[in-house]
Amino acid sequence: MWLLVSLLPVLFVLPVQFPPPVSCTLQLYRVPLRRFPSARHRFEKLGIRMDRLRLKYAEEVSQFRGEWNSEVKSTPLSNYLDAQYFGPITIGTPPQSFKVIFDTGSSNLWVPSATCASRMVACRVHNRYFAKRSTSHQVRGDRFSIHYGSGSLFGFLSTDTVRVAGLEIQDQTFAEATEMPGPIFLAAKFDGIFGLGYRSISMQRIKPPFYAMTEQGLLTKPIFSVYLSRHGEKEGGAIFFGGSNPHYYTGNFTYVQGCEVIIDTGTSFLALPYDQAILINESIGGTPSSFGQFLVPCESISSLPKITFTLGGRTFFLESHEYVFRDIYQDRRICSSAFIAVDLPSPSGPLWILGDVFLGKYYTEFDMERHRIGFADARS
């Protein structure tokens, strides 16, 4: 049995001019990622329903107003809750280390600040940026805020040297977070967010780090790509700056352009409009749970249908074991659907968000020069 899903091309179209790349031999810069076991039970103990994990799109998309702009070095990534893949960066001189989510669904860089209040436990249990310890720090001071579905994050802006995958970004403006929405960030394994989206969705129009990499001539091509491993506890995959690494995919890329689907490394699930989420979950025998996802009988996973997506004229598919999460909660095995309901506010919605469940199977290239996204089969 098959379920067919027809999707128009991805949300990645607003034209942006990047400076001509520096003429040199193509080189990839790699950031390694790590994968952590599921922490769903930890969120439950903290009283956080899974539907509260739809951080960005409940409120943030309304600010986009329908606009989406969306050598090779790499950075290792870690996976939290089978979705939040993060890796290392440093800020300042001498370097101060942070673990950040590399998020294609946002465009700002922020980390916790050393100046956050003592009552802000979520801030103080993570690595914090100490401006006074950095000789390359530049004072900005402008107030900064991002509104998530789970609460608002507040802070102020600073400028400093940011290093990722061996690349050194000069004079990068970022936010020092002084107030962080408690439970979500209290339980999070990551320290902050490294936005990889277009400047058009950057809060306060701050230049995103990837733009700065390109403008400072650090990359031969304004391209980055993502490989997310769904296997193993330690190695979560990698993000490559400057191009794509053929060791991590097979075949050719299928490229798409358009404005109907969001490709988001910072979203755990496959998020879709409410009516469609209900229809798909009911068709696979899912029942609503108290924590916002649909539960499916674990014993039925092998008989559930293959779900196919049509993108750029190619059919992509997920097997049942790839779109069902397995977990142990209160000493019992539970299985839940990766399809969740997120009705985006007008004028952006209704849209689908293909998160890490999809990206874990398909190596993804983000071509910021040609404003397109490419998908290829990821090597297992």
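The gain in end-to-end length when the TYR274 to ASP377 segment is fully stretched comes to 34.2 nm, 0.36 nm per residue minus the alpha carbon separation.
Taking 0.36 nm per residue of separation and subtracting the current Cα-Cα distance, fully stretching the chain between ARG333 and LYS207 would add 40.8 nm. Computed FRET efficiency, Cβ-Cβ of LYS306 and GLN27, R0 51 Å: what is it to the nearest 0.05? Computed FRET efficiency for LYS306 and GLN27 comes out at 0.85.
What the Cβ-Cβ distance of SER97 and SER290 gives, at R0 = 30 Å and to the nearest 0.05, is a FRET efficiency of 0.20. Between amide H atoms placed 1.01 Å from N, distances below 5 Å from GLN257 occur with VAL10, all of them 5 or more places distant or on a separate chain. For segment 103-110, backbone phi angles converted through the Karplus equation (6.51, -1.76, 1.60; θ = phi - 60°) give residue-by-residue couplings of 10, 7, x, 8, 10, 10, 9, 9 Hz, Gly and Pro being listed as x. Close amide-amide hydrogen proximity is noted between LYS361 and no other residue 5 or more places distant or on a separate chain, at a cut-off under 5 Å (H modeled in the peptide plane; Pro and chain starts excluded). Residue by residue, segment 279-288 carries 3J(HN,Hα) couplings of 4, 5, 5, 5, 5, 9, x, x, 10, x Hz when phi is fed to the Karplus relation 6.51 cos²θ - 1.76 cosθ + 1.60 (θ = phi - 60°); x denotes Gly or Pro.
Round to the nearest 0.05 the FRET efficiency obtained for GLN170 and ARG314 when R0 = 45 Å and r is the Cβ-Cβ distance.
For R0 = 45 Å, the calculated efficiency reads 0.65.
Applying both filters, DSSP loop and at most 16 other Cβ atoms within 10 Å, to the trypsin sites (Lys or Arg not before Pro) of segment 308-379 gives ARG370, ARG379.
Modelled spin-label separation between ARG326 and ARG199, with each label point placed 7 Å from Cα along the Cα-to-Cβ direction: 4.7 nm.
A short reminder: the numbers here are calculations on the coordinates, not readings from a lab. Computed from a predicted model, the values in this text were never measured in an experiment. Every residue, glycine among them, receives a Cβ derived from its backbone with ideal geometry; neighbour counts consider all protein chains shown.
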